[in-house]
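Undergrad: Would you mind keeping the following structure in view while I ask a few things?
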Amino acid sequence: MAIISLINRKGGVGKSTISINLAAGLATHESRKHGSKPVLLIDMDDQLSATITAMGGGFDDKFQPVITAERDYASALGQGFGASDSLVVDSLIPRNRTEKVKIFRTNKARMEGLESTLKQREDAPFQLTYFLEPIKHEYSYIIIDNPPSAGMLPMNSLVASTHVLIPIEPDGLSLIGLADILRMIENVKKTTNPDLNVLGIIPSRFRMVRRQARDVIGDMERMYGHLLLPYIKDLAEISAATTAGYDVFSFCSEKSQAYRCLSNLVDAVLGKLGQV
Ligand SMILES: Nc1ncnc2c1ncn2[C@@H]1O[C@H](COP(=O)(O)OP(=O)(O)OP(=O)(O)O)[C@@H](O)[C@H]1O
Ligand SMILES: [Mg+2]
């Protein structure tokens, strides 16, 4: 069992897109095994991008009840209850498989208040860890998509996780941001979660034609070569799949660049976890 957080305080770097497709890819990998366990995708961001895509991008009528649930995980987490199976539903992804990624019923308004609710609790950074304890062993992988912040929500995710993935858009300032995130992770390792591992850095929304992007990738290879995972190109098909409420593996042909980028990433993650 691995609990993998996608973290970057910068917005729009592909955290949610990678969360969705990684969850779908891992669920497909698991479904080919005997005695497989499902994948759970947790959306810690009140924008609910991952939940919305996983529930059909707003084009499917299953979507509304999942984001306006009365018995929802944001309330349960905020009140200090443990997670239960009744909070979990099948998402629609991977679209082309019967074994679906699981997600929590959620509630947008309560998600908006979650950061301040958690801060009021004793042991604030540990709330997600306690919450997941009763159910975590039911899953093969738990993927946590995070908001673009370095606040109490991603802090809870890091404390609850076994691994971190850092998607990064290679541009001028991204190396400074990366150093900040690595420091935050080191701090969590030292103070609360010594078992946390950086699984890798994912250059995301990569545009080969940009000289600056190529230069930044060169710097990253020199500084963090052992952590670099396959990069995800900036491709219209990737955003089209997300907007349509699909995973890339069901939306794009196997020969497409989008499919290959994301399946290389899933394979590399499985390789690093020692699961291939
Ligand atoms: N590889 C890609 N190619 C093309 N478009 C992409 C790619 N990755 C993400 N996008 C698009 O960029 C936008 C931001 O992506 P995404 O929502 O995944 O980023 P994020 O880091 O989760 O953002 P936020 O910090 O706001 O949560 C979306 O419109 C998405 O469709
Ligand atoms: Mg996001």
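The values are calculated or read from the model by the stated rules, or taken from the named source; none is laboratory data. Quick caveat: nothing in here was measured; it's all calculated off a predicted structure. When we count neighbours, we look across all protein chains shown, and the Cβ atoms used for this are built from the backbone with ideal geometry, even at glycine.
Undergrad: Only one residue in 111, 44, 1 is within 15 Å of ligand 2 (Cβ to nearest atom) and over 30 Å from residue 207 (Cβ atoms), so which one is that?
TA: 111
A quick yes/no check of all residues on (1) at pLDDT below 95; (2) in contact with an Asp or Glu (Cβ under 6 Å, 6 or more places away or on another chain); (3) surrounded by 21 or more Cβ atoms within 10 Å (Cβ to Cβ):
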position	(1), (2), (3)
126	no, no, no
135	no, no, no
143	no, no, yes
150	yes, no, no
154	no, no, yes
201	no, no, yes
207	yes, yes, no
213	yes, no, yes
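Undergrad: Just name the residue that is nearest to residue 21 (Cα to Cα) out of those in segment 63-97 that are charged (D, E, K, R) and either in contact (Cβ under 8 Å) with a residue 60 or more places away in the chain or assigned to a helix (DSSP H, G or I) (or both).
TA: Filtering segment 63-97 for residues that are charged (D, E, K, R) and either in contact (Cβ under 8 Å) with a residue 60 or more places away in the chain or assigned to a helix (DSSP H, G or I) (or both), the one nearest to residue 21 (Cα to Cα) comes out as 95.
Undergrad: What pairs come up if the first residue lies in segment 176-200 and is under 15 Å from residue 5 (Cβ atoms), the second is in a loop (DSSP other than H, G, I, E, B) and of a type in the set (S, T, N, Q), and their beta carbons are under 8 Å apart, counting only those six or more places apart or on different chains?
TA: 181/8; 193/161; 195/162; 196/161; 196/162; 197/162
Undergrad: Can you report the number of residues in segment 33-55 which are surrounded by 24 or more Cβ atoms within 10 Å (Cβ to Cβ) and either assigned to a helix (DSSP H, G or I) or among the basic types (Lys, Arg) (or both)?
TA: The number of residues fulfilling the criteria is 4.
Undergrad: Continuing with this model, one more query. Scanning for something away from ligand 1 (no atom under 16 Å from the Cβ), part of a loop (DSSP other than H, G, I, E, B) and at pLDDT below 95, does segment 11-32 turn up at least one residue?
TA: yes
Undergrad: Let me ask another. Just name the residue that is surrounded by the most Cβ atoms within 10 Å (Cβ to Cβ) out of those in segment 56-72 that are closer than 19 Å to residue 242 by Cβ and touching a Lys or Arg at 6+ places or on another chain (Cβ under 6 Å).
TA: Checking each candidate, the answer is 66.
Undergrad: Let me ask something else about it. Enumerate the helices (runs of 4 or more DSSP H) found wholly within segment 98-168, keeping only those where 3 or more residues are within 16 Å of ligand 1 (Cβ to nearest atom).
TA: In segment 98-168, the matching helices (runs of 4 or more DSSP H) lie at 108-119, 152-160.
Undergrad: OK, next. So, in segment 246-269, exactly how many residues are assigned to a loop (DSSP other than H, G, I, E, B), hydroxyl-bearing (Ser, Thr, Tyr), over 16 Å from the mean Cα position of the chain (by Cα) and surrounded by 15 or more Cβ atoms within 10 Å (Cβ to Cβ)?
TA: Residues meeting the conditions: 1.
Undergrad: For segment 33-53, enumerate the residues that are more than 12 Å from the chain's Cα centre (by Cα) and either away from ligand 1 (no atom under 16 Å from the Cβ) or among the small types (Gly, Ala, Ser) (or both).
TA: 33, 34, 35, 36, 37, 38
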